[in-house]
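The values are calculated or read from the model by the stated rules, or taken from the named source; none is laboratory data. All values derive from a computational prediction rather than experimental measurement. Reconstructed Cβ throughout: ideal geometry from the backbone, glycine too, with neighbour counts over all protein chains shown.
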Amino acid sequence: MKIPSYSSIPIEVFLKEAGESLLPWFKRGEEMLGLKRYPLKKLAREVARLSEALIRGRAGAYMEEEWALRAYFAFYFPQGYLRTYFVLREMGGLLEEDFSVSTINDLGSGPGASLLAARDAFPRATLKGFERSGRAARFAEELGNLPVLKADFTRANIRGDVALAVSSLSEVGEVLKVVRRLWRTHRCLVVIEPGWSRGYSMIMELSRELGPPILPCGGYRCRLGRGDWCHGALPFRLPDLTLRLNSLLRHKLRFLKFTYGVFCRDSSLSGWGVRLRSPLIEEKGKSYYLACSQGRPIRLEFLRRSWKSIPRAFCCDLVRFRGQEVSPGTFRVEEFRVITSEVLKEDQD
Ligand SMILES: C[S@@+](CC[C@H](N)C(=O)[O-])C[C@H]1O[C@@H](n2cnc3c(N)ncnc32)[C@H](O)[C@@H]1O
């Protein structure tokens, strides 16, 4: 796993920690599936085939087949783990002090990436996975002793604090009908999808139904337009096998992108800032981040002379700043602090 020992980008510190939690599980899964001896090019072809199915929201149908489980684990499992771990750690760090999670139901747990991340993010919670594919459920149980029930989550009678759905609601036909039922039986609904417009449209649809998500938007209504949505894009730090597969794919991933929505009833945030929507953009004479403040798109500009001292932040970091609004929506920044990493660290202390 290529994760720098220290970097000035705060998100890297988080990714290093997340990578360390993931690595033992990934190594164990690699051994269980014989991936070290499996021809890399053949595996890359299987990943490409599975990607097509994922884009069409039909990957679940293949999870019973050995090749699909192998391809999913090698390429998508680390991504699912890191996305879920980021969102749940952020949720644990930002929701008000007395918010405690005692049960998490992972809907469509597949080979166990999201369920493992939930266990690592909330070690004291009671977890349950619901998965349609017996093969994927058995793999998750064997990999990490994870409690997975072979069941269709759209029909099962499920109750708890948090309903977690990572890349699984996009496989469901009548999403709103399923979500309404989950909302009646849970305090929070956490939906994470890969960074694609279909995922964003789904989060927007859920916002209209349940109210604006508490994360990533602080409970504010999103005023961004289609194609310019606020979602996470973490630097691509993944296990070596996943990186080697990525280098063989026609459509290579450059960032670990995702769209998410944390909907919680009767909960508020213990702190808030401004959410970045881009990495630092450097253009002639100016440097800026695109950001989102209370649902409103804004721009945080830095003067050339302060460039060296700009703290490097990443798309989806939460920051606080002080500065003048020099034109509508554009702020000239005087002070700037990245708070995501502070929150993630505090949460763990
Ligand atoms: C793309 S995988 C995601 C797995 C895991 N959440 C992760 O983050 O890696 C989606 C999984 O949801 C499962 N799934 C889809 N619809 C389901 C349903 N109605 N009931 C149970 N499982 C379902 C599929 O079988 C598949 O394993």
Inset, instruction - Please find, within segment 76-93, the residue that is farthest from the chain's Cα centre (by Cα) out of those that are surrounded by fewer than 24 Cβ atoms within 10 Å (Cβ to Cβ) and within 12 Å of the ligand (Cβ to nearest atom). - result: 76
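Residue by residue, here is whether (1) within 15 Å of residue 190 (Cα to Cα); (2) in contact with a Lys or Arg (Cβ under 9 Å, 6 or more places away or on another chain) holds:
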site	(1), (2)
80	yes, no
84	yes, no
87	yes, no
94	yes, no
103	yes, yes
110	no, no
117	yes, yes
121	yes, yes
127	yes, yes
Inset, instruction - Being more than 10 Å from the ligand (Cβ to nearest atom), assigned to a helix (DSSP H, G or I) and either more than 27 Å from residue 319 (Cβ to Cβ) or of a type in the set (Ser, Thr, Tyr) (or both) is the filter here, so list the residues in segment 94-133 that pass it. - result: 119
Legend entry - Which listed residue, of 203, 192, 158, is of a type in the set (Val, Ile, Thr), assigned to a loop (DSSP other than H, G, I, E, B) and in the same structural domain as residue 260 (by TED's automatic domain parsing): 158
Legend entry - Number of the condition not met by residue 64 [criteria: (1) in a helix (DSSP H, G or I); (2) more than 20 Å from the chain's Cα centre (by Cα); (3) within 11 Å of the ligand (Cβ to nearest atom)]: (1)
Inset, instruction - Considering only segment 139-159, state which residues are within 12 Å of the ligand (Cβ to nearest atom) and more than 26 Å from residue 19 (Cβ to Cβ). - result: 149, 150, 151, 152, 153, 154, 155, 156, 158
Inset, instruction - Output yes when any residue across segment 273-286 is surrounded by fewer than 17 Cβ atoms within 10 Å (Cβ to Cβ) and hydrophobic (A, V, I, L, M, F, W, C), and no when none is. - result: yes
Inset, instruction - Assess whether residue 224 counts as being assigned to a loop (DSSP other than H, G, I, E, B), over 18 Å from the mean Cα position of the chain (by Cα), in contact (Cβ under 8 Å) with a residue 12 or more places away in the chain and not assigned by TED's automatic domain parsing to the domain that holds residue 317. - result: yes
Legend entry - Any pair with Cβ under 7 angstrom, 6 or more apart, that starts in segment 165-181 at a residue that is under 19 Å from residue 53 (Cα atoms) and more than 7 Å from the ligand (Cβ to nearest atom) and ends at one that is among the β-branched types (Val, Ile, Thr) and assigned to a helix (DSSP H, G or I): 169/175
